[in-house]
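Engineer: This is the structure, below, for whatever I ask next.
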Amino acid sequence: MDKRLVEHAVTQVLDEMRQRPIPLGISNRHVHLSQHDYARLFPGVDVIEKKALLQPGQYAAEQTITLAGPKGQLKNVRLLGPLRGVSQIEISRTDARLLGIAAPLRMSGDLRGTPGVRVISPYAEIALESGVIVAQRHIHMSPLDALILHVAHGDKVAVAIEGGDRRLIFDDVAVRVSPNMRLEMHIDTDEANAAGADSPRAVARLVTRP
């Protein structure tokens, strides 16, 4: 086969792949606990997996907790597993106002200078000194996905949420690349509501700008 025809065919296939919808994950408020904090909140209780998540090895647990701030509480906040080295609480701006906490916009794991919160389980209560964030919207992807989409770990991209009645383009969507990740965009409930992402027709696509 002519080399030019092969190159044209490969280019066409890659262009089509770049236009494919990105799976959209709406992240409700949730908590990641360290082994130490989990043992204090759920003494002698094993973490029970309730539902596997799209990212390999991650799951929603049966266990839930209550978050208590200066102004209010959030009940039935889901624990996500597996347990981590450091506890982290991810909430929306709306949640932060309800709790009365000035939670900063951060990438997961960047907990410097973050506020704390009281965490209550059916067995105990602890006070976290830090760890509460509003998660920066982001896209998980594998190195192959990144190669196809012409992006790299740490890039910021624009993504359109389409298919619903409130089409919206999100700028500053962080790209997170790892061999252990599957293609998926994460936004919180405030962002999902603004974009009508709860529609079954809603999809996410990278936006190419001149």
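Engineer: Any residue in the range 41-58 that is without any contact (Cβ under 8 Å) to a residue 60 or more places away in the chain sitting within a Cβ distance under 6 Å of a residue that is open to solvent by 40 Å² or more (accessible area, probe 1.4 Å)? List the pairs, counting only those 6 or more apart or interchain.
Structural biologist: Close Cβ pairs satisfying both conditions: I48/E62; K50/E62.
Engineer: Another one. List, please: which pairs have Cβ atoms under 9 Å, are six or more places apart or on different chains, and start with a residue in the range 165-183 that is on the phi > 0 side of the Ramachandran plot and end with one that is surrounded by 12 or more Cβ atoms within 10 Å (Cβ to Cβ)?
Structural biologist: Hits for this filter: D172/Q136; D172/R137; D172/K156; D172/V157; D172/A158.
Engineer: Between residues in the range 184-210 that are on the phi < 0 side of the Ramachandran plot and residues that are part of a loop (DSSP other than H, G, I, E, B) and among the hydroxyl-bearing types (S, T, Y), which pairs lie under 6 Å by C-beta distance while being six or more apart or on different chains?
Structural biologist: D188/S92; T189/S92; D190/S92
Engineer: Can you pull out the strands (runs of 3 or more DSSP E) entirely within the range 97-138 that have at least 1 residues that are among the hydrophobic types (A, V, I, L, M, F, W, C) and open to solvent by 30 Å² or more (accessible area, probe 1.4 Å)?
Structural biologist: Working: elements: 117-120, 125-128, 132-135.
Qualifying strands (runs of 3 or more DSSP E): 117-120, 125-128.
Engineer: May I pose another question? Scan the range 110-122 for residues that are more than 22 Å from Q63 (Cα to Cα) and not charged (D, E, K, R) and jot them down. Walk me through it before giving the result.
Structural biologist: Residues of the range 110-122 more than 22 Å from Q63 (Cα to Cα): 110-115.
Hits for the range 110-122 are L111, G113, T114, P115.
Engineer: Follow-up. Quick check on my filter: what residues within the range 150-168 are over 20 Å from T94 (Cβ atoms) and open to solvent by 20 Å² or more (accessible area, probe 1.4 Å)? Quick ask: steps written out before the conclusion?
Structural biologist: We begin by selecting, within the range 150-168, every residue over 20 Å from T94 (Cβ atoms); these are 150-160, 162-163, 165, 167.
If the condition is that a residue be over 20 Å from T94 (Cβ atoms) and open to solvent by 20 Å² or more (accessible area, probe 1.4 Å), then H150, V151, A152, H153, G154, D155, K156, V157, E162, G163, D165, R167 are the ones that fit.
Engineer: From the residues in the range 63-72 that are more than 19 Å from the chain's Cα centre (by Cα) and free of Cβ contacts under 8 Å to residues at least 40 places away in the same chain, which one is farthest from A124 (Cα to Cα)?
Structural biologist: K71
Engineer: Here is a follow-up. Please go through the range 169-189 and give me each residue that is exposed (fewer than 15 other Cβ atoms within 10 Å of the Cβ) and either touching a helix residue (DSSP H, G or I) at 6+ places or on another chain (Cβ under 8 Å) or under 17 Å from L149 (Cα atoms) (or both), ordered by number.
Structural biologist: At the first step, the residues of the range 169-189 found to be exposed (fewer than 15 other Cβ atoms within 10 Å of the Cβ) are 169, 171-172, 178-180, 182.
Matches in the range 169-189: D171, D172, S178, P179, R182.
Engineer: Okay, moving on. For the range 81-96, which residues satisfy the criterion of being surrounded by 19 or more Cβ atoms within 10 Å (Cβ to Cβ) and part of a strand (DSSP E or B)?
Structural biologist: We begin by selecting, within the range 81-96, every residue surrounded by 19 or more Cβ atoms within 10 Å (Cβ to Cβ); these are 81, 87-92, 95-96.
Result: G81, Q88, I89, E90.
The values are calculated or read from the model by the stated rules, or taken from the named source; none is laboratory data. Note that the coordinates shown come from a computational prediction; the quantities given were computed from them, not determined experimentally. Please note: Cβ atoms are built from the backbone with ideal geometry, for glycine as well, and neighbour counts cover all protein chains shown. Remember, those area values only see protein heavy atoms, side chains included, never the ligands or the DNA or RNA. Shrake-Rupley method; radii C 1.70, N 1.55, O 1.52, S 1.80 Å.
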